[in-house]
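For reference, the structure is listed below as structure tokens.
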Amino acid sequence: MLKFGKLNVEVCYNLGGEIMKKALYRKYRPISFEDMVGQEKTIKILREAIKQQKISHAYIFSGPKGSGKTSAAKIFANALNCENNLNGEKCNKCSFCLNDNEEKMDIIEIDAASNTGVEEIRDLRNNCLLLPSSGKYKVYIIDEVHMLSTGAFNALLKILEEPPAHIIFIMATTEMNKIPITVISRAQRFAFQKISLKQIYDRIKYVAVQEKIKIDDKAIELIAEAADGSLRDGLSLLDQLSGHEKITQSDVEESFGIVDIELIKKINLQIVNKDKNGFIDYWQKIKNKNINLEFLIKKIMEITEKSMLDASDNYVELKNNIEYLKFLNYLMKEVIVAKEPEIMFECLVLDYLTNSPQPQIEIVVENKSISEEQIINNALAKATKKDKEIWQQKLEKSQPLFIENNIYCLDVLEVAIASKQEVIIMVKDEAILPQIIKKQPMIAKILNDKAKPLYLLFVNKKRFVEIKKYYVKNKENIKYQKIPVEQEKIITNFKEIVEVAD
């Protein structure tokens with residue numbers, strides 16, 4: 001079970017001296033490594049460094065917003081200055097730990113976004129000469145360090161080259177690429193990751209219980225999704241909705257413009273299939289609901305990324321997905337800066353649907369939703385000699401595409417039974433049957449040139465003989481799902497269809 005901590009200070013005061021509610025992300029900010037959510041590997045290394053007293057003079061904590069960089073920096077700074085830290089954690093008993101002042105003299109936080117100039121860094125360099133007032137180290141935490149100007153970075157570099165023994169720098173950033181390599185090379189770097197969906201979900205649920213906030217589990221899931229790996233954002237969203245008597249899924253959707261994932265999948269399908277009218281129909285249903293377009297595009301990108309990884313051995317489909325992801329990335333950038341995001345989204349998607357090249361036909365292979373027995377029964381029910389010949393010809397004509405997709409098995413494949421939608425192919429060399437089955441979705445896409453589903457089944461010689469025997473034995477009792485022609489005619493034709501060597 002996850003253990004969570006919370007700050008001792010429960011309330012804060014405004015300028016008039018009135019008590020104000022403290023924001024949840026501040027109230028439940030971690031005060032020890034044990035309270036941290038996620039970043040287990042990084043925390044383990046930092047704790048070991050404190051235990052073994054292997055301390056560097058400079059650290060860079062990089063990663064997405066809300067992943068705990070600044071919190072970890074504060075916890076690390078306090079543990080470094082603790083007089084008798086335990087297992088890499090502050091003891092909470094020594095004089096330094098008992099100092100209630102949140103902004104301790106020896107832990108200095110600097111917001112680089114508002115202190116970008118050379119003069120501020122020069123002042124910092126002069127202050128570095130002063131010894132710590134109560135702790136062992138004077139720790140400077142520079143938040144959003146990438147915002148420093150070139151001159152400020154050069155001034156900071158002078159300090160990093162020859163720092164006093166009592167000075168430690170912890171630099172936090174969301175944009176590592178903007179930090180000069182000369183600074184990076186003089187610091188230890190720790191990459192913070194997005195916090196997992198489950199960890200955010202658990203944390204929000206914990207805080208909701210502590211605060212006596214009534215909330216549905218589905219609402220928590222949506223908030224965790226919208227947080228996008230940022231625990232701070234997740235708690236802020238919960239805080240924003242805490243005035244409701246009970247937070248429901250619809251409350252979250254309406255407040256933050258979150259679209260149901262099933263609807264997102266349907267919209268994505270219309271775009272992928274180049275169905276302009278279908279896209280317009282779904283878009284009309286949601287366009288006036290103040291939807292969160294960044295969330296919508298992000299979810300479509302996740303769906304496409306999964307599809308790309310699943311089809312990584314299919315060159316054509318992989319290329320289509322990569323091009324689509326490039327478009328989605330461009331779409332995201334344009335929507336973020338647009339004055340009218342919804343109009344921009346609509347225009348760019350319709351332009352993509354109208355002008356971009358048509359993708360390769362995507363064939364639905366439904367073997368997962370239909371049993372092997374059903375495929376066999378339907379194949380026997382509707383099979384004809386003509387369909388068998390048609391599929392065999394397609395198999396032979398598709399050889400160049402097979403080779404292009406690294407499938408070298410045409411000489412061992414033979415159509416055994418076939419209808420217009422059900423095809424049973426015998427694999428003559430049983431040793432490669434597992435490889436063929438693995439390539440089944442790709443083979444189906446190459447063979448099929450229609451929008452109808454293709455039910456494809458690969459069998460070895462032994463299995464095909466069993467199917468023949470099964471048919472002969474049960475032909476009077478086989479239950480067909482759909483029989484497009486008379487049963488007597490099918491039985492007559494089947495003798496010709498299965499003339500494959502025993």
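The values are calculated or read from the model by the stated rules, or taken from the named source; none is laboratory data. These figures come from a predicted structure and were not determined experimentally. Because the Cβ atoms are built from the backbone with ideal geometry, glycine has one as well, and the counts that use them run over all protein chains shown.
Please go through segment 367-391 and pick out each residue that is in a loop (DSSP other than H, G, I, E, B), surrounded by 14 or more Cβ atoms within 10 Å (Cβ to Cβ) and either outside the structural domain of E422 (by TED's automatic domain parsing) or at pLDDT below 75 (or both). Lay out the reasoning, then the answer.
Here is the first cut: in segment 367-391, the ones in a loop (DSSP other than H, G, I, E, B) are 370-371, 383-384.
Next, from what is left, pick out any that are surrounded by 14 or more Cβ atoms within 10 Å (Cβ to Cβ): 370, 383-384.
Listed by number, the list holds a single entry, I370.
Within segment 427-446, can you find the residues that are surrounded by fewer than 21 Cβ atoms within 10 Å (Cβ to Cβ) and either assigned to a helix (DSSP H, G or I) or of a type in the set (A, V, I, L, M) (or both)?
Initially, segment 427-446 is screened for residues surrounded by fewer than 21 Cβ atoms within 10 Å (Cβ to Cβ), giving 428-441, 444.
E430, A431, I432, L433, P434, Q435, I436, I437, K438, Q440, P441, A444, listed by residue number.
Considering only segment 396-424, state which residues are at pLDDT 75 or above, within 21 Å of R463 (Cα to Cα) and not in a loop (DSSP other than H, G, I, E, B).
Hits for segment 396-424 are V412, L413, E414, V415, A416, I417, A418, E422, V423, I424.
Collect the residues in segment 188-214 that are in a strand (DSSP E or B) and either in contact with an Asp or Glu (Cβ under 9 Å, 6 or more places away or on another chain) or polar (S, T, N, Q) (or both), keeping them in residue-number order. Before you say what the answer is, go through the steps one by one.
Applying the first criterion (in a strand (DSSP E or B)) to segment 188-214 yields 188-191.
Scanning segment 188-214 gives a single hit, Q188.
Residues of segment 23-49 being farther than 23 Å from V183 by Cα and aliphatic (A, V, I, L, M), which ones?
Taking segment 23-49 first, the residues farther than 23 Å from V183 by Cα are 23-41, 44, 47-48.
Within segment 23-49, A23, L24, I31, M36, V37 meet the criteria.
Considering segment 337-352 alone, what residues qualify as being surrounded by fewer than 16 Cβ atoms within 10 Å (Cβ to Cβ), within 13 Å of E294 (Cα to Cα) and in contact with a helix residue (DSSP H, G or I) (Cβ under 7 Å, 6 or more places away or on another chain)?
A338
Assuming Y59 fulfils every condition listed in (1) assigned by TED's automatic domain parsing to the domain that holds R186; (2) hydroxyl-bearing (S, T, Y); (3) part of a helix (DSSP H, G or I) apart from one, which condition is it?
Unmet for Y59, out of (1) assigned by TED's automatic domain parsing to the domain that holds R186; (2) hydroxyl-bearing (S, T, Y); (3) part of a helix (DSSP H, G or I): (3).
Name the helices (runs of 4 or more DSSP H) wholly within segment 227-311 that hold at least 1 residues that are within 30 Å of Y206 (Cα to Cα) and either of a type outside the set (V, I, T) or touching an Asp or Glu at 6+ places or on another chain (Cβ under 8 Å) (or both)? It would help to see each step written out before you state the result.
Details: elements: 231-241, 249-256, 261-272, 276-286, 293-310.
Correct list: 231-241, 249-256, 261-272, 293-310.
Residue-by-condition table, conditions (1) in contact with a strand residue (DSSP E or B) (Cβ under 7 Å, 6 or more places away or on another chain); (2) modelled with pLDDT of 90 or more; (3) surrounded by 14 or more Cβ atoms within 10 Å (Cβ to Cβ); (4) among the acidic types (D, E):
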| position | (1), (2), (3), (4) |
| --- | --- |
| E119 | no, no, no, yes |
| H166 | yes, no, yes, no |
| I170 | yes, yes, yes, no |
| M176 | yes, no, yes, no |
| P180 | no, no, yes, no |
| F192 | yes, yes, yes, no |
| I204 | no, yes, yes, no |
| A219 | yes, no, yes, no |
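With (1) within 21 Å of the chain's Cα centre (by Cα); (2) assigned to a helix (DSSP H, G or I); (3) modelled with pLDDT of 80 or more; (4) surrounded by 14 or more Cβ atoms within 10 Å (Cβ to Cβ) as the list, and I322 as the residue in question, which single condition is left unmet?
Failed condition: (4).
Kindly list the number of the only condition in (1) modelled with pLDDT under 80; (2) closer than 19 Å to F33 by Cβ; (3) surrounded by fewer than 20 Cβ atoms within 10 Å (Cβ to Cβ) that fails for S114.
(2)
Of everything in segment 150-187 that's assigned to a helix (DSSP H, G or I) and among the basic types (K, R), which residue is farthest from L80 (Cα to Cα)? Steps first, answer last, please.
Here is the first cut: in segment 150-187, the ones assigned to a helix (DSSP H, G or I) are 150-161, 176-178, 181-184.
When the remaining residues are screened for being among the basic types (K, R), the result is 158, 178.
Details: K158: 24, K178: 28 Å.
Ranking the candidates gives K178 first.
Kindly list the number of the only condition in (1) farther than 26 Å from Y28 by Cβ; (2) of a type in the set (S, T, N, Q); (3) in contact (Cβ under 8 Å) with a residue 60 or more places away in the chain that fails for N84.
It is condition (3) that N84 fails.
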